[in-house]
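Take a look at the structure set out below.
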Amino acid sequence: MLYEQFTLRNIDYIPNELQNKIRNTTILIAGCGIGSSFAEVAVRLGFENIILADGDIVNDHNLNRQCFTADDIGKLKVKALAERLKAINPSVKVKQFDKFISEKNVTEIVNEADIVFDTIDFLDLTGIVALHDECKKQRKHIISALAIGWGAGCIYFDPDSICTFRQIFSLPAEGPVDNYQYAETFSKVIDRLQDQLDPSVLNAVGKALVLMDDGKPCPASQVSPGAYAVGSFAGALVVRILSGLPVLHAPDLMMVDMQKSLTSNGINLL
């Protein structure tokens, strides 16, 4: 399959020079659950160099929102996702790290990437911080993304960002974060977004935070439109970054709420 034919229908939105840049850019996807939606968008946009990092396996409860099928249950997420991406474009080169990101392996994993996409489960706070610290050290672009109910949010840290992930989550500027709890750390950010989030999102996240505070691993509820919004939102963001056009960056959260879009800002066609 010729690359030019594969990307032919991109042409009015992605000029040839930018398409070649996309083809030669290496994307690291850290967290292949919700990250699977972005991985698929990225490959369909023409990215051919992908690094996948995740130590988790596919479970049946993943199938309501992640890009896996029933046949993938029990497989490593990186393996199942790599197979899916190569089924879309057999020329894609996929490097797999079937382990969770930690201080011990983060340098090796980030080294080869140009842009890093972070959807690591927030339960793994030390892994996320290690990833962001390493990207800052190596001056790599990094996008943190999450599904927010029926929509999605992204925070972009460019190589020159003064604002850091640690600042946004009220963590110390350096050093270990082992003594910090996910529920307490994340709830501070949610408090700042109270007026911006749909009540259903606040309710779902609030319930999950209470359970996690009790030591029970219970991620917040998620639906497929929100998960796929992550892939679409981040795909558009990555292309804009590579095009050199201005984008919002940390500490600003970029957010799309499709429920809100269904009832406001309509365009009268009459």
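The values are calculated or read from the model by the stated rules, or taken from the named source; none is laboratory data. A quick note: this is a predicted structure, and the numbers were derived from the prediction, not measured. Methodologically, a virtual Cβ is constructed for each residue, glycine included, from the backbone with ideal geometry; neighbour enumeration extends over all protein chains shown. Only protein heavy atoms, including side chains, enter the accessible area calculation; ligands, DNA and RNA are left aside. Shrake-Rupley method; radii C 1.70, N 1.55, O 1.52, S 1.80 Å.
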Members of region 126-164 that are under 21 Å from Leu193 (Cβ atoms), open to solvent by 10 Å² or more (accessible area, probe 1.4 Å), without any contact (Cβ under 8 Å) to a residue 60 or more places away in the chain and out of contact with any strand residue (DSSP E or B) (no Cβ under 7 Å at 6 or more places or on another chain): none
Unmet criterion (only one of (1) under 12 Å from Cys32 (Cα atoms); (2) in contact with a helix residue (DSSP H, G or I) (Cβ under 8 Å, 6 or more places away or on another chain)) for Ile115: (1)
Qualifying positions in region 90-111 - surrounded by fewer than 17 Cβ atoms within 10 Å (Cβ to Cβ) and either part of a strand (DSSP E or B) or out of contact with any strand residue (DSSP E or B) (no Cβ under 9 Å at 6 or more places or on another chain) (or both): Pro90, Ser91, Lys93, Lys95, Ser102, Glu103, Lys104, Thr107, Asn111
Within region 112-125, is there a residue that is over 25 Å from Pro251 (Cα atoms) and either of a type outside the set (Ser, Thr, Tyr) or surrounded by 16 or more Cβ atoms within 10 Å (Cβ to Cβ) (or both)? yes
For Ala80, the lone unmet condition from (1) under 30 Å from Glu4 (Cβ atoms); (2) without any contact (Cβ under 8 Å) to a residue 40 or more places away in the chain; (3) touching a strand residue (DSSP E or B) at 6+ places or on another chain (Cβ under 6 Å) is (3)
I need every pair where a residue in region 259-270 that is free of Cβ contacts under 8 Å to residues at least 12 places away in the same chain has its Cβ under 9 Å from the Cβ of a residue that is assigned to a loop (DSSP other than H, G, I, E, B), sequence separation at least 6 or different chains. Leu262/Trp150
On the basis of being crowded, with 20+ Cβ neighbours inside 10 Å and assigned to a helix (DSSP H, G or I), does Val189 make the cut? no
Out of all the residues in region 49-80, which are touching a Leu at 6+ places or on another chain (Cβ under 9 Å), aliphatic (A, V, I, L, M) and surrounded by fewer than 16 Cβ atoms within 10 Å (Cβ to Cβ)? Ala70, Ile73
Looking at region 218-259 only, could you name the residues that are over 23 Å from Cys32 (Cβ atoms), in a helix (DSSP H, G or I) and at pLDDT 95 or above? Arg240, Ser243
If we keep only residues of region 165-186 that are part of a loop (DSSP other than H, G, I, E, B) and open to solvent by 50 Å² or more (accessible area, probe 1.4 Å), then the residue nearest to Asn62 (Cα to Cα) is Gln181
Of everything in region 32-87 that's aliphatic (A, V, I, L, M) and in a loop (DSSP other than H, G, I, E, B), which residue is nearest to Ala236 (Cα to Cα)? Ile34
Lys136: basic (Lys, Arg), under 19 Å from the mean Cα position of the chain (by Cα) and farther than 17 Å from Val238 by Cα, yes or no? yes
Looking only at region 5-24, filter to residues that are touching a residue at least 12 places away in the same chain (Cβ under 8 Å) and closer than 15 Å to Asn89 by Cβ; which one of those is surrounded by the fewest Cβ atoms within 10 Å (Cβ to Cβ)? Asn24
